[in-house]
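To keep things clear, I will list the structure first and then write my remarks on it.
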Amino acid sequence: MAAAVARRGSFSDSGSDSEDSSLSDSELQEAFAKGALKPGLNVVLEEQPKRRNDTDGLKQCLAEFRQQLAWVERLDVTLGPVADPVSQNASTSDVDPENDFQREMSFYRQAQAAVLEALPRLRKLQVPTRRPDDYFAEMAKSDQQMQKIRQKLKSKQEAMERSEKAKQLRAMRKYGKKVQVEVLQRRQKEKKNMLNAVKKYQKGLSDKLDFLDEEQTSSQGNKKGTASQRPKKGPNAKRRYKNQKFGFGGKKKGSKWNTKESFNDVSSFQAKVAHNKGPGKGGRGGKGGKKALNKRPGKRARQKMKNRAR
């Protein structure tokens with residue numbers, strides 16, 4: 001029991017030590033070669049690995065790959081930042097690394113100092129620092145790659161155009177269906193109104209047959225075009241007959257009264273017709289002129305005839 005507790009304690013201690021220490025692959029390989037690694041066990045390091053700042057080794061490596069070239073071939077400039085125009089301070093000790101604006105501003109001022117140092121030296125060495133107007137730089141990507149990019153962009157544009165056309169077609173179909181539904185609803189409404197008018201006429205509630213004329217004109221209008229496009233016609237035959245019989249509206253009372261001009265106009269006056277002295281007609285003292293044919297009997301005679309029929 002104590003051994004199990006000790007083993008658990010060693011496991012927990014080794015786990016905490018392994019969490020605190022960062023093991024590299026080489027150290028694990030060395031521990032496996034020595035036999036310190038076993039299945040289900042962690043390697044317990046006696047001490048933390050030391051982090052070394054090997055300045056001599058770094059300088060040796062630098063001397064090995066350093067090449068003694070001219071400055072124009074290296075173009076390296078190591079300088080501090082220029083003085084701040086506001087505070088006139090060139091030190092970087094007061095720059096807060098957590099402040100993004102101050103950090104980026106220090107980078108900008110350091111680059112500005114390098115430019116102010118390098119440009120005079122390049123001009124002294126007669127190295128051009130401006131690109132000519134007719135200078136064509138070689139592209140970073142080949143023509144084949146740019147052709148692929150161009151084809152890709154073209155395919156994307158065509159896909160967008162097809163999508164836009166499809167959207168327009170869907171909108172047109174939707175609008176066409178809407179118009180079709182409206183036409184069907186209007187036809188159903190007209191049919192319903194006509195059926196109602198026919199029922200009223202059959203029941204004797206209405207004596208008008210205008211709905212037949214409306215139906216005829218509407219059917220003709222559907223054949224020729226919409227109601228807004230077909231030209232407007234005059235009144236129908238029934239309306240023309242009533243206009244001829246009763247007039248065209250306007251003043252009715254006193255329309256048959258004489259005026260001064262009509263009273264003085266006697267051009268159409270015929271004495272024989274006015275005094276019943278025409279041919280074949282006899283006056284009061286005449287000798288048996290012909291009686292008017294189809295003379296309507298009086299009221300009493302008509303009443304007697306009606307009673308006889310009963």
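The values are calculated or read from the model by the stated rules, or taken from the named source; none is laboratory data. Here the structure is a predicted model, which is why all the values come from computation and not from measurement. Positions of Cβ are generated from backbone atoms using ideal geometry, with glycine treated the same way; all protein chains shown enter the neighbour counts. For the accessible areas, the whole protein counts, side chains as well, though only heavy atoms, and no ligand, DNA or RNA atoms are used. Shrake-Rupley method; radii C 1.70, N 1.55, O 1.52, S 1.80 Å.
To keep it simple, each residue is scored yes or no on (1) outside any helix (DSSP H, G or I); (2) within 30 Å of A70 (Cβ to Cβ); (3) open to solvent by 100 Å² or more (accessible area, probe 1.4 Å).
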| site | (1), (2), (3) |
| --- | --- |
| D134 | yes, yes, yes |
| K148 | no, no, yes |
| K177 | no, no, yes |
| E182 | no, no, no |
| Q185 | no, no, yes |
* To do: Could you check, for the range 257-271, whether at least one of its residues is at pLDDT 80 or above, assigned to a loop (DSSP other than H, G, I, E, B) and surrounded by 10 or more Cβ atoms within 10 Å (Cβ to Cβ)?
  => yes
* Asked: Taking N99 and the conditions (1) at pLDDT 85 or above; (2) on the phi > 0 side of the Ramachandran plot, which numbered condition does it fall short on, given that it satisfies the others?
  -> (2)
* Asked: What number of residues in the range 121-146 are at pLDDT below 85 and under 16 Å from R74 (Cα atoms)?
  -> 0
* **Residue selected from the range 106-128 under the condition open to solvent by 70 Å² or more (accessible area, probe 1.4 Å) and under 13 Å from A83 (Cα atoms), by the criterion farthest from the chain's Cα centre (by Cα)** => L116
